[in-house]
Amino acid sequence: GCAWKGDITSTSVSPGIKCGGVLSAPSGNFSSPNFPGPYPYETECTWLIVVAEGSSVLLSFNHFELEYHAACAYDYLQVYNGAARDRGNLLGTFCGRSPPPPFASAWHVMAVVFRSDRHVAKHGFTAAYQKDACGGQLTGLSGEITSPRYPESYPNDAECRWSIGGAGGSGPLTLVFADFQVEGGQGCGFDYLAVFDGPTTAAPCLGRYCGSTHPPRTISSASHLLILFKSDFNIGGRGFKAHFYSAGECQEVFTTIKGNFSSPRYPNFYPNNLKCQWSIQLPSGYRVKVFFLDMELEGRSSLTGGCDYDHLAAFDGGTENGSLLGQWCGWESPAPVISRHNQLLLVLHTDRNIAKRGFAVAYVGVVPMNVSCTRTEFHIQIPVESLAQLERNRIYLGTPSCAAHVIGGNFKIHTRFDTCGTESQKRNNTSVIVSTLYIDFSVGDQEDVHQYEVQCEPKRKEASVTLIAGPDPSRLSQAENLVDAQQQDGGVMDAHEIKSQDTSDIVFISICILAGLLMVIAVVGLVLL
């Protein structure tokens with residue numbers, strides 16, 4: 001089937017000028033109006049190249065001469081990886097005398113738009129396209145490469161070169177193989193795939209591969225990779241399928257206790273054909289809480305009501321095999337999500353058309369702690385290894401004078417309710433004791449203080465702790481109760497603490513009995529008098 005979202009026949013033609021149209025032959029040529037003479041003023045043409053589904057398009061330019069402007073604001077040519085006018089599909093805007101590089105499409109549709117203004121006309125351009133030609137220039141933050149005819153057997157005597165990078169790409173590129181089956185042989189002398197760490201074969205060779213073992217994940221040192229595929233005169237194979245992405249904006253790992261990130265090019269439109277991953281990996285014991293600050297993705301499918309096109313998903317753990325914490329699309333303001341353990345993965349998928357502004361998120365590591373209370377005291381315990389770089393005076397309840405002590409591998413705060421900024425409040429018609437625990441991660445001038453509200457219901461001796469200030473206090477209205485999972489995750493108190501709870505009750509009861517005895521003695525004394 002051919003599920004299409006978008007108008008492919010949009011061709012804008014100036015009055016009296018014949019140009020543009022749909023090109024559906026397996027190969028062909030086209031040029032600016034009047035070529036090789038000067039192109040007319042105030043002209044706009046759109047060529048849509050549509051080949052068989054499952055095929056790709058290789059587009060190259062032979063002659064190229066347009067009016068020059070530093071930002072190509074006057075006369076220009078635009079190349080789209082799919083339907084025109086979708087900013088997420090734009091591969092580049094060109095003018096002047098430097099021809100665009102050869103472009104390989106990521107699917108079976110490509111569009112070219114030519115526009116001239118009312119001044120200065122040049123000779124224009126000629127272009128040629130070919131279905132299923134292998135190789136070409138691949139730009140963008142991510143994409144896919146396959147051998148010719150994949151997954152059918154690749155042809156003999158093939159030589160393909162894919163140059164990845166450039167066109168504003170920044171940062172190293174990562175190349176991952178999803179499938180690989182190429183004729184094997186000693187030293188890969190027959191059919192092979194080679195990867196070079198740069199735009200040409202003069203760059204260092206990162207590997208030469210054949211057989212059926214997947215090549216390893218490859219990361220370039222700069223923002224270019226060249227992939228060379230060659231087959232000899234006999235014996236083929238299924239070939240290969242590989243995915244590339246820019247490590248800078250599209251593939252990141254975060255290990256700091258707090259951070260924020262956004263979709264590629266945010267707040268401008270994100271590119272199409274993306275699969276980006278952001279992995280948050282914190283020290284053992286922490287949990288990851290993610291707050292969504294802004295989100296505008298392509299909307300839900302009108303057919304299924306689901307996020308079938310572009311979507312952002314959160315997974316519990318470090319891989320997509322983890323349980324799904326949520327999946328979003330459209331214009332949403334999701335509630336924060338929290339991991340069960342110390343890793344969380346966010347994945348952005350975008351399809352072939354309709355791009356939007358994207359998303360911005362912030363996250364904070366929820367410090368592992370055990371909070372309990374008696375009728376008169378708070379007991380707070382945090383493993384030292386969770387906050388290994390912090391001095392004990394960076395962890396305090398209410399005021400800096402109520403700092404933690406280090407006892408047997410834990411930061412501990414034992415404090416009475418009438419100290420350390422503790423106050424009594426009514427919540428849901430219940431009297432509770434409330435204070436704020438501060439953990440100061442500040443370095444130099446960078447202030448970074450995390451705040452947790454600790455709460456005790458003295459009658460029931462039930463304590464809870466809630467993260468109240470993370471990345472953006474104004475957005476943390478949906479504060480999360482953290483104590484449940486932490487107590488399940490092994491928040492076991494030591495015997496001393498349990499004893500202190502019990503002795504406080506014994507003291508409380510003893511005082512009551514003593515007061516009662518004194519009252520009885522007083523009454524008896526009065527009667528006797």
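The values are calculated or read from the model by the stated rules, or taken from the named source; none is laboratory data. None of these values were measured; they are calculated from a predicted model. Backbone-built Cβ (ideal geometry, glycine too); neighbour counts: all protein chains shown. Heads up: the accessible areas ignore ligands, DNA and RNA and are worked out on the full protein's heavy atoms, side chains in. Shrake-Rupley method; radii C 1.70, N 1.55, O 1.52, S 1.80 Å.
Tell me, which residue of region 371-385 that is open to solvent by 10 Å² or more (accessible area, probe 1.4 Å) and in contact with a Pro (Cβ under 9 Å, 6 or more places away or on another chain) is modelled with the lowest pLDDT?
If we take residues in region 371-385 being open to solvent by 10 Å² or more (accessible area, probe 1.4 Å) and in contact with a Pro (Cβ under 9 Å, 6 or more places away or on another chain), then Glu385 is modelled with the lowest pLDDT.
Does region 134-155 include one or more residues that are part of a strand (DSSP E or B), among the basic types (Lys, Arg) and open to solvent by 60 Å² or more (accessible area, probe 1.4 Å)?
Within region 134-155, none of the residues are part of a strand (DSSP E or B), among the basic types (Lys, Arg) and open to solvent by 60 Å² or more (accessible area, probe 1.4 Å).
Go through (1) in contact (Cβ under 8 Å) with a residue 60 or more places away in the chain; (2) farther than 22 Å from Arg357 by Cβ; (3) part of a loop (DSSP other than H, G, I, E, B) and name the single condition Asn273 misses.
Every condition holds for Asn273 apart from (2).
List the residue pairs whose Cβ atoms are under 7 Å apart, where the first residue sits in region 325-339 and is over 19 Å from Arg300 (Cβ atoms) and without any contact (Cβ under 8 Å) to a residue 40 or more places away in the chain, the second is among the small types (Gly, Ala, Ser) and in a loop (DSSP other than H, G, I, E, B), and the two are 6 or more positions apart or on different chains.
Here the result reads none, with nothing in region 325-339 linked to a residue that is among the small types (Gly, Ala, Ser) and in a loop (DSSP other than H, G, I, E, B).
Could we say that Thr350 is under 16 Å from the mean Cα position of the chain (by Cα), of a type in the set (S, T, N, Q) and more than 16 Å from Thr436 (Cβ to Cβ) here?
Against the criterion (under 16 Å from the mean Cα position of the chain (by Cα), of a type in the set (S, T, N, Q) and more than 16 Å from Thr436 (Cβ to Cβ)), Thr350 qualifies.
Since Ile257 meets every condition but one in (1) assigned by the TED database to the domain that holds Pro155; (2) modelled with pLDDT under 90; (3) not basic (Lys, Arg), which condition does it not meet?
Tallying (1) assigned by the TED database to the domain that holds Pro155; (2) modelled with pLDDT under 90; (3) not basic (Lys, Arg), Ile257 fails exactly one: (1).
Restricting to region 112-131, what's the tally of residues that are farther than 14 Å from His69 by Cβ and assigned to a strand (DSSP E or B)?
Final tally of qualifying residues: 11.
Give region 112-130 a look and list any residue that's crowded, with 19+ Cβ neighbours inside 10 Å and either within 34 Å of the chain's Cα centre (by Cα) or of a type in the set (A, V, I, L, M, F, W, C) (or both), or say none.
Passing the criteria: Val112, Val113, Phe114, Ala121, Phe125, Ala127.
For every residue, the table says whether it meets (1) of a type outside the set (A, V, I, L, M, F, W, C); (2) surrounded by fewer than 18 Cβ atoms within 10 Å (Cβ to Cβ).
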{"residue": "Pro271", "(1), (2)": "yes, no"}
{"residue": "Leu274", "(1), (2)": "no, no"}
{"residue": "Gln281", "(1), (2)": "yes, yes"}
{"residue": "Tyr286", "(1), (2)": "yes, no"}
{"residue": "Lys289", "(1), (2)": "yes, no"}
{"residue": "Met295", "(1), (2)": "no, no"}
{"residue": "Ser301", "(1), (2)": "yes, yes"}
{"residue": "Gly306", "(1), (2)": "yes, yes"}
{"residue": "Asp310", "(1), (2)": "yes, no"}
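Looking only at residues in region 171-198 that are of a type in the set (Gly, Ala, Ser) and in contact (Cβ under 8 Å) with a residue 40 or more places away in the chain, which one is nearest to Ser246 (Cα to Cα)?
Gly171
What number of residues within region 415-432 are closer than 19 Å to Ala404 by Cα and either among the hydrophobic types (A, V, I, L, M, F, W, C) or not in a strand (DSSP E or B) (or both)?
The number of residues fulfilling the criteria is 6.
Report, by residue number, each residue of region 433-449 that is among the hydrophobic types (A, V, I, L, M, F, W, C) and in a strand (DSSP E or B).
Selection gives Ile433, Val434, Leu437, Ile439, Val443, Val449.
Which ranges mark the strands (runs of 3 or more DSSP E) fully within region 13-111 that have 3 or more residues being in contact (Cβ under 8 Å) with a residue 12 or more places away in the chain and open to solvent by less than 20 Å² (accessible area, probe 1.4 Å)?
Here the list reads 44-50, 57-65, 76-80.
Name the residue, out of Ala362, Ala404, that is in the same structural domain as Ala463 (by the TED database), within 18 Å of Ser442 (Cα to Cα) and crowded, with 17+ Cβ neighbours inside 10 Å.
Sole residue among the options that is in the same structural domain as Ala463 (by the TED database), within 18 Å of Ser442 (Cα to Cα) and crowded, with 17+ Cβ neighbours inside 10 Å: Ala404.
Name the one entry in Ala104, Ala128 that is within 22 Å of Asn353 (Cβ to Cβ), among the hydrophobic types (A, V, I, L, M, F, W, C) and outside the structural domain of Thr200 (by the TED database).
Ala104
Conditions tested, residue by residue: (1) modelled with pLDDT of 90 or more; (2) open to solvent by 20 Å² or more (accessible area, probe 1.4 Å); (3) among the basic types (Lys, Arg); (4) over 22 Å from Gln137 (Cβ atoms).
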position: Gly185; (1), (2), (3), (4): no, yes, no, yes
position: Val195; (1), (2), (3), (4): yes, no, no, no
position: Thr201; (1), (2), (3), (4): yes, yes, no, no
position: Gly207; (1), (2), (3), (4): yes, no, no, no
position: Leu225; (1), (2), (3), (4): yes, no, no, no
position: Asp232; (1), (2), (3), (4): yes, yes, no, yes
position: Ser246; (1), (2), (3), (4): no, no, no, no
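Can you tell me which residues in region 350-382 are closer than 14 Å to Met295 by Cβ and not aliphatic (A, V, I, L, M)?
The answer is Thr350, Lys356, Arg357, Gly358, Phe359.
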